[in-house]
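Written below as structure tokens is the structure these notes are about.
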Amino acid sequence: MAGVAGGNDFQWCFSQVKGAIDEDVAEADIISTVEFNYSGELLATGDKGGRVVIFQHEQESKNRPHLRGEYNVYSTFQSHEPEFDYLKSLEIEEKINKIRWLPQQNAAHFLLSTNDKTIKLWKISERDKRAEGYNLKDEDGRLRDPFRITSLRVPVLMPMDLMVEASPRRIFANAHTYHINSISVNSDHETYLSADDLRINLWHMEITDRSFNIVDIKPANMEELTEVITAAECHPHQCNVFVYSSSKGTIRLCDMRAAALCDRHSKFFEEPEDPSSRSFFSEIISSISDVKFSHSGRYMMTRDYLSVKVWDLNMENRPVETYQVHEYLRSKLCSLYENDCIFDKFECCWNGSDSAIMTGSYNNFFRMFDRNTRRDITLEASRESSKPRATLKPRKVSTGGKRKKDEISVDSLDFNKKILHTAWHPKDNVIAVAATNNLYIFQDKIN
């Protein structure tokens, strides 16, 4: 990847937008997670209504070679339904918190989806043939009279319209007392972990009725609770290593070879706080909302409220890179606390070669940082620039008194429009950005 900004580097251009344009957005239609599969051929989104929509990358047409293939709806299914816990008198939302793909082993695709309590393994498969010519039933499915059958027929497979079926193969339930915030497939492709506020469990894909509790930070007396688990992820190459982040801004790396219960971490990543910048909001904004290993497994990236940090796994005392996402909001923390925006959980992602990172902001802005050139860019996901192959113009937020042309004042930012979920194609420069109920797809411009 050459870079993230304009100039000599490539430019980002609009490719597609999915979802209705309505001003009144139904709560159920708000996208809550976005994830490419390992090849990038499929792109899955989950929403607050418990639905999963999968888009498939179409091959580019020979008539229009300048247009790369688009993503079109491949399958839509209801993954989770609202439930009620009668024991605790609690409603369990159907909202999809996370989707994680499994590496493809055969013609079918598999993914894990989770709401607050239940994880499901889904199989997505195609059918384009059906059997015809049964002996004991007619073509319309009615049973034939056995006495009228005079000859034996061999059923044959006949072509039919392509059908994509989604079927739940496993349901992993009743293992989390608190809300699940993360699931992560292990590099052995046989196990995965799930994390809630206080515990992390390790599951085997084939076993649904039990899991191993590998982290438990619940104190004996809940009044002594000082931190919660905010995210967890397995290492991309070492199946015994995983990390989890906390609301105190720390990250713990654990090795499952050391002990069955990983309450004692192997490594502890924390940046010492600058006493001069301490404020009432320091603890809230230092809480980590997402942690992601780089594809190489050498680095990990964490997102807190105002910044993204890249850590070298071999250096625990401070991050090797820190990128300010929206430093101009530091002066607005009081109003962001009052409208609860300060608790928004922004995610972050790496590009395929680990040379650039992306994360979201407010006003439908999203940020990209080039790790090699240290250049950064702010882009906007909006319908105004949604003409095919329209180049995305960099956005600037004015922080001083005098506002330049094309700059946006901090006071005019819309905090209801936020980019919390983004995904980067594992091989190409194609990104998916979720803006409320719309999914924007951008790609690098081919001249």
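The values are calculated or read from the model by the stated rules, or taken from the named source; none is laboratory data. Keep in mind it's a predicted model, so treat the numbers as computed, not measured. Cβ: placed from backbone, ideal geometry, glycine included. Neighbour counts: every protein chain shown. Keep in mind that these areas ignore ligands, DNA and RNA; they rest on the heavy atoms of the full protein, side chains included. Shrake-Rupley method; radii C 1.70, N 1.55, O 1.52, S 1.80 Å.
Over segment 322-422, all Cα pairs binned in 5 Å intervals from 0 give whole-percent P(r) values of 2, 11, 21, 24, 21, 14, 6, 2, 0, listed from short to long.
Protection proxy ranking of 70-83, 241-254, by the mean of other Cβ atoms within 10 Å over each peptide's residues and highest first, is 241-254, 70-83. Farthest toward the positive end of the dipole of segment 12-444, out of Val228, Trp101, Thr191, is the Cα of Trp101, where the dipole comes from beta carbon charges about the Cα centre. Of the listed pairs Lys48/Lys120; Lys18/Lys129; Lys95/Lys345, which have alpha-carbon separations greater than 20 Å here? Those over the limit are Lys18/Lys129.
Computed on segment 315-447, with alpha-carbon pairs under 8 angstrom and 6+ residues apart, the relative contact order is 22 percent. For segment 282-295, putting each phi into the Karplus relation 6.51 cos²θ - 1.76 cosθ + 1.60 with θ = phi - 60° gives couplings of 3, 5, 5, 6, 8, 4, 8, 9, 7, 9, 9, 6, 6, 4 Hz, in residue order, rounded to whole numbers and with x for Gly and Pro. Across segment 193-314, the mean sequence separation of Cα contacts (distance under 8 Å, 6 or more residues apart), normalised by length, yields a relative contact order of 18 percent. With θ taken as phi - 60° and the Karplus curve 6.51 cos²θ - 1.76 cosθ + 1.60 applied, the whole-hertz 3J(HN,Hα) list for segment 20-28 is 6, 8, 3, 6, 8, 8, 5, 3, 5 Hz, x standing for glycine and proline. The residues of the chain expose on average 52 square angstrom of accessible surface per residue, using a 1.4 Å probe on protein heavy atoms. Extents of segment 166-246, taken as max minus min of Cα coordinates on every principal axis and listed largest first, are 42, 28, 21 Å.
Taking amide H as placed 1.01 Å from N in the peptide plane, the amide H of Tyr74 sits under 5 Å from that of Ile54, Phe55, Gln56, each at least 5 places away or on another chain. Dipole check for the chain: with +1 at the C-beta of Lys and Arg, -1 at the C-beta of Asp and Glu, and the Cα centre as origin, the magnitude is about 1220 Debye. Remark on Val325: its backbone amide H falls under 5 Å from those of Ser307, Val308, a criterion applied only to residues 5 or more positions apart or on other chains, H modelled at 1.01 Å from N.
The gain in end-to-end length when the Arg148 to Ser331 segment is fully stretched comes to 57.3 nm, 0.36 nm per residue minus the alpha carbon separation. Hey, what number do you get for the chain at 222 nm if only DSSP H runs of n ≥ 4 count, each worth -39500 (n - 2.57), divided across all residues, to the nearest 500? After summing the helix terms and dividing by residue count, I get -500 deg cm²/dmol. Projected onto its three principal axes, the C-alpha set of segment 12-444 covers 93, 59, 42 Å, listed from the longest axis down.
Rounded, prolate or oblate: which one fits segment 36-131, using the alpha carbon gyration tensor with axes a ≥ b ≥ c (rounded when a/c is under 1.5, else prolate when a/b beats b/c, else oblate)? Because a/c hits 1.5 or more and a/b exceeds b/c, segment 36-131 counts as prolate.
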